[in-house]
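Have a look at the structure below, then the notes.
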Amino acid sequence: MTIKTAITVAYGDGIGPEIMGATLKILSAANTPIEIETIEVGEKIYLQGITSGIPDNAWESLKRTKVLLKSPITTPQGGGYKSLNVTLRKTLGLFANVRPCIAYAPFVATEHPKMDLVIIRENEEGTYAGIEHRQTEDVYQCLKLVTRPGCERIIHYAFEYAKKFNRKKVTCLTKDNIMKMTDGIFHDVFNEIAKDYPDIQTEHFIIDIGTARVATQPEYFDVIVTSNLYGDILSDVAAQIAGSVGLAGSANIGNHMAMFEAIHGSAPDIAGKKIANPSGLLNAAIQMLIHINQPASAALIENAWLKTLEDGIHTADIFSEKLSKRKVNTDEFADAVIERLGKNPTHFKTVHYQSDISAKITCYGADKKILAKKELVGVDIFIDNPHLTPNELGEKLKQLKSKLSLITITSRGLKIWPNCLIKAPYTAHCSCRFQSSSDLKNLTAISHQEIISLLQQFEELKLDVIKTENLYLYDGKLGFSLAQGQ
Ligand code: NAD
């Protein structure tokens, strides 16, 4: 008797139930040995007042099966609701988001017939964590946190993925010319880990020109590794130019759990019309079958799906008078794939997955290095400043009694004191930088007490402190950026 693997299934919102119904029908017709536990997550749960969108019994199922096949979810607009996708990825430790974007020319219209790239996106960190604050009447902040172990895990994963799937090149995309620390560490770790994979070609582009190149010459790329938000944007661009966002599936991989979903959203504009393309979710399910060690079922379904595309049986999103033979709805597409189970494509290469393909890639990040010497050498004190000019504020703060000296005042990263270079700077949000020395080469360690004393004096001056950031040296190297113009 075949042992069935338990998986958790969430039907999702919008077109979710339609594409999940079609996908599961194909899996069932292919006799995939899976046992389904269905959970309810998303819009209905949000509207019951559970702001995470996930009830307790859903977590229990996930802990049991460790595998989730999920349709897209509608995140309600407005405050109070956290994105369920982000919660799932972070809570389950799904650090890698793997998004293959492949052209299916000449059957699906695309300008880039040779395109075959995989975007490996960091899935837990960066601005996507959604740590946001309103600091003043007018100023809103989103915190970008990037960790070295987070970078190590995702970059190690990207190289291991390239090795496993016989890909030749890994390209890293960052914006480290501007974000020298957060994107800088991603790039540095990429260079470090690349040395362990001499057979794989490596390169780095700044994300803007890299994205432009993906949009115009996607066939140039093989595996791309990048951070959370960049990867999110880039993979939609890549999926769209490959043919349709409706085609691409994604795997969210952790060391202990995994979630598989289409890359697109719940498409409320076509929900209920039964015209959505189920291929994105079906491709995600194929990745899931590989993950749960059912490579033969994965290949059986993928070959039938490729044959369906070749036979010109297309849903509306990829239908073209020139290339397609029959326009079908979601269910008819599923039936066409089912009719072709056991058949192989004739134009595309028939897919075979080796039996060891499901061997898991486990990445913990490199072993801990010797800790750097960390010295506190100053502080940035941010204030909500409704009325003082930069000079008035500078003069006031120069009078404070402290071992720390006022070095500069900045507004949104630009120096506005001393010697402001612009006529009418924005002054309602100021960062006042105090250091143990004005000479960056002579910074000496201070205690937290110095900062507390400064804060007390700010309070006496009735200055509204909205946050502080400590300035550190790590092994003598600056752990903070300088202001523009400092
Ligand atoms: P979307 O991806 O849902 O839709 C963008 C466009 O692509 C629409 O015109 C839609 O009709 C089309 N499209 C998407 N999937 C298709 C398919 N399978 N077949 C045919 N056409 C398809 O993006 P959106 O409109 O920005 O987002 C809608 C909702 O989805 C939002 O609430 C958003 O938060 C959510 N969302 C969820 C996920 C997820 O659950 N992983 C991902 C992205 C967006």
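Do the sum for the chain: with -39,500 (n - 2.57) for every DSSP H run of n ≥ 4, divided by all residues, what is the mean residue ellipticity at 222 nm, to the nearest 500 deg cm²/dmol?
-9500 deg cm²/dmol
What value in Å³ per residue do you get for the convex hull of the alpha-carbon atoms in the chain? Before the final figure, lay out the partial values.
Numbers: hull volume 86.6 nm³, N = 486.
About 178 Å³ per residue, rounded to a whole number.
Leaving ligands and nucleic acids out of the surface, order THR346, THR91, THR75 by accessible area at 1.4 Å, largest first.
In descending accessible area the options line up as THR346, THR91, THR75.
Quick check on my link table: of LYS180/LYS396; LYS415/LYS477; LYS403/LYS441; LYS273/LYS325; LYS398/LYS462, which ones sit more than 26 Å apart, alpha carbon to alpha carbon? Could you put the intermediate results ahead of the total?
Values: LYS180/LYS396 32 Å; LYS415/LYS477 22 Å; LYS403/LYS441 17 Å; LYS273/LYS325 21 Å; LYS398/LYS462 15 Å.
Over 26 Å apart, Cα to Cα: LYS180/LYS396.
As a test, work out the antiparallel percent of DSSP beta bridges whose residues both lie in the chain, rounded to the nearest 5. Intermediate values should be presented prior to the final figure.
Numbers: 46 of 76 bridges.
Here the share of antiparallel DSSP bridges comes out near 60 percent.
Show me the GluC sites (Glu not before Pro) within region 313-351 that DSSP assigns to loop and that have at most 15 other Cβ atoms within 10 Å of their Cβ. Write down the numbers at each step before the final one.
Working: sites: GLU321, GLU332, GLU339; in loops: GLU321.
Those that pass, being in a loop and sparsely packed, are GLU321.
Rounded to a whole number of µm²/s, how large is the Stokes-Einstein D of region 374-478 at 25 °C and 0.890 mPa s, given Rh as the Kirkwood radius over C-alpha pairs?
Values: Rh = 14.0 Å.
So the translational diffusion coefficient is about 176 µm²/s.
How much of the accessible area of the chain, in percent, comes from carbon and sulfur atoms when a 1.4 Å probe is used?
Its accessible area is 52 percent carbon and sulfur atoms.
Helix 330-339 sits at what angle to the longest principal axis of the chain, using alpha carbons and giving 0 to 90 degrees rounded to 10?
With both axes taken from Cα atoms, the answer is about 50 degrees.
Round to the nearest 10 and give me the degree value, 0 to 90, for the angle of helix 182-194's Cα axis relative to the longest principal axis of the chain.
With rounding to tens, the tilt is 60 degrees.
Give me the accessible area of SER324, 1.4 Å probe, in Å² rounded to the nearest 10.
Here the residue's solvent-accessible area equals roughly 20 Å².
For region 1-149, what size does the Cα cloud have along each of its three principal axes, sorted from largest down, in whole Å?
Each principal axis gives a Cα extent; for region 1-149 these are 62, 44, 33 Å.
Tell me which trypsin sites (Lys or Arg not before Pro) from region 372-452 have a DSSP coil assignment and no more than 15 other beta carbons within 10 Å of their own. Walk me through the numbers on the way to the answer.
Numbers: sites: LYS373, LYS374, LYS396, LYS398, LYS401, LYS403, ARG412, LYS415, LYS423, ARG433, LYS441; in loops: LYS373, LYS401, LYS403, ARG412, LYS423.
Answer in residue order: LYS373, LYS401, LYS403, ARG412, LYS423.
According to the Kirkwood expression over distinct Cα-Cα pairs, how big is the hydrodynamic radius of region 66-124, in Å?
14.3
What does the charge count near THR171 come to, summing +1 for each Lys or Arg and -1 for each Asp or Glu among other residues with Cβ under 10 Å from its Cβ? Before the final figure, lay out each step's value.
Numbers: positive: LYS169, ARG213; negative: GLU203, ASP222.
Computed value for this residue: 0.
Taking the chain as the reference, fit the longest principal axis to its C-alpha atoms, fit the long axis of helix 148-164 to the helix C-alpha atoms, and give the angle between the two in degrees, 0 to 90, nearest 10.
It works out to around 30 degrees.
Provide the per residue accessible area, probe 1.4 Å, for region 111-242, rounded to a whole number of square angstrom.
Using a 1.4 Å probe on heavy atoms only, each residue of region 111-242 averages 46 Å².
For region 315-322, what does the Karplus curve 6.51 cos²θ - 1.76 cosθ + 1.60, with θ = phi - 60°, yield as ³J(HN,Hα) per residue in whole Hz, taken in order and with x for Gly and Pro?
Using θ = phi - 60°, the values come out as 7, 4, 5, 10, 5, 9, 4, 6 Hz.
The values are calculated or read from the model by the stated rules, or taken from the named source; none is laboratory data. Bear in mind the structure is a predicted one, so any value in this text is a computation, not a measurement. Quick reminder, even Gly has a Cβ in these numbers, built from the backbone with ideal geometry, and neighbours come from all protein chains shown. Surface areas here come from the heavy atoms of the whole protein model, side chains and all, with no ligands, DNA or RNA. Shrake-Rupley method; radii C 1.70, N 1.55, O 1.52, S 1.80 Å.
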